[in-house]
Amino acid sequence: IYPLTDMVRQIGLEHVEVATLLPPGANPHTFEPTPAQMREVAAARVIVCIGAGLDTWATKLLAARSGPVTVVTITDGLQLLGAGPGHEAHGGDPHIWVDPVLMRDHAVPAIAAALSQVDPENQAAFGSAAATFQAALTQLDTDIRTALGPLPNRDYVAFHSAWRYFGARYDLPI
C-alpha cells in the first residue's frame, strides 16, 4: 500500500527501487495483481506487507515465487485493536499507518532492519534516513497533539473504520 511505499522510499533513499502493488483506491480484499506486478514480486529482495488480513493476496504471491526474500509484516508483534468491518476473521484492525507513533516506533525500525539485512553496505544510510523519518513522525505527533489539544469536543465523523488507531492515539472516541 502507498503509506508503506512512502516509508520504504524515505528510509531506502536512492539505494532502493520501490513499487506499490496495491494501487490507490483499489480494494485490498478483491485485488488481483497483474503479470507485471507478479514479475516485480519475483525479482524483489524485500517485501513489506501490513498483515492482519489486509494483504492476503501478497501472501499468495510470495508462496508462488522462488528464491530468498525478506518479508516484513508490519503488524507482526503488535497488539492490534479489535477487528473492524471486513477484518473480523484476522484478529485485528490492520490500519496502523494512521498512528504516527506506532509507525515511528515499530514500522520504521522493522523496515530499516530489513533493508540493512539485504544491503549491509548501506546500513548506515538506512539507519540515518530512518532516524530522520522518525524525527519527522515525532514532529507530526507533536503537531497533531497541539492542534487537537484545545478542542473541547472530541467527536468526529470518519467514513471508514481505519481511523480507530488515530482516535486511540489522540484521545478521540473510537
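Just to verify a result, which residue in the stretch 13-44, among those that are at pLDDT 90 or above and part of a helix (DSSP H, G or I), is most open to solvent (accessible area, probe 1.4 Å)? The extreme case among them is GLU14.
Go through the residues of the stretch 159-169 one by one and say whether even a single one is small (Gly, Ala, Ser), at negative phi, open to solvent by less than 70 Å² (accessible area, probe 1.4 Å) and free of Cβ contacts under 8 Å to residues at least 24 places away in the same chain. Scanning the stretch 159-169 turns up at least one residue that is small (Gly, Ala, Ser), at negative phi, open to solvent by less than 70 Å² (accessible area, probe 1.4 Å) and free of Cβ contacts under 8 Å to residues at least 24 places away in the same chain. A single member of ILE74, ILE47 is crowded, with 20+ Cβ neighbours inside 10 Å and in contact with a Pro (Cβ under 9 Å, 6 or more places away or on another chain), and it is ILE74. For the stretch 1-12, the candidate set comprises residues that are of a type outside the set (Val, Ile, Thr) and open to solvent by less than 30 Å² (accessible area, probe 1.4 Å); within that set, the residue that is farthest from SER116 (Cα to Cα) is LEU4.
Against the conditions (1) out of contact with any Gly (no Cβ under 9 Å at 6 or more places or on another chain); (2) touching a residue at least 12 places away in the same chain (Cβ under 8 Å); (3) over 16 Å from TYR165 (Cβ atoms), PRO100 satisfies every one except (3).
For the stretch 47-68, the tally of residues that are outside any helix (DSSP H, G or I) and farther than 17 Å from PRO3 by Cα stands at 4. In the stretch 28-39, the residues that are free of Cβ contacts under 8 Å to residues at least 40 places away in the same chain form Cβ pairs under 9 Å with partners that are in a helix (DSSP H, G or I) and not hydrophobic (A, V, I, L, M, F, W, C), at six or more places apart or across chains, as follows: PRO28/THR56; PRO33/GLU40; PRO33/LYS60.
Under 7 Å between Cβ atoms, at least 6 apart or on separate chains: pull out the pairs that start in the stretch 120-145 with a residue that is under 14 Å from ALA110 (Cα atoms) and open to solvent by 60 Å² or more (accessible area, probe 1.4 Å) and end on any residue that is small (Gly, Ala, Ser) and part of a helix (DSSP H, G or I). Every condition considered, the pairs that remain are GLN123/SER116.
The values are calculated or read from the model by the stated rules, or taken from the named source; none is laboratory data. Predicted, not measured: the structure shown is a model, and the values here were computed from it. Note that we place each Cβ from the backbone using ideal geometry, even for glycine, and neighbour counts take in every protein chain shown. Ligands, DNA and RNA are excluded from the accessible area calculation, which covers all protein heavy atoms including side chains. Shrake-Rupley method; radii C 1.70, N 1.55, O 1.52, S 1.80 Å.
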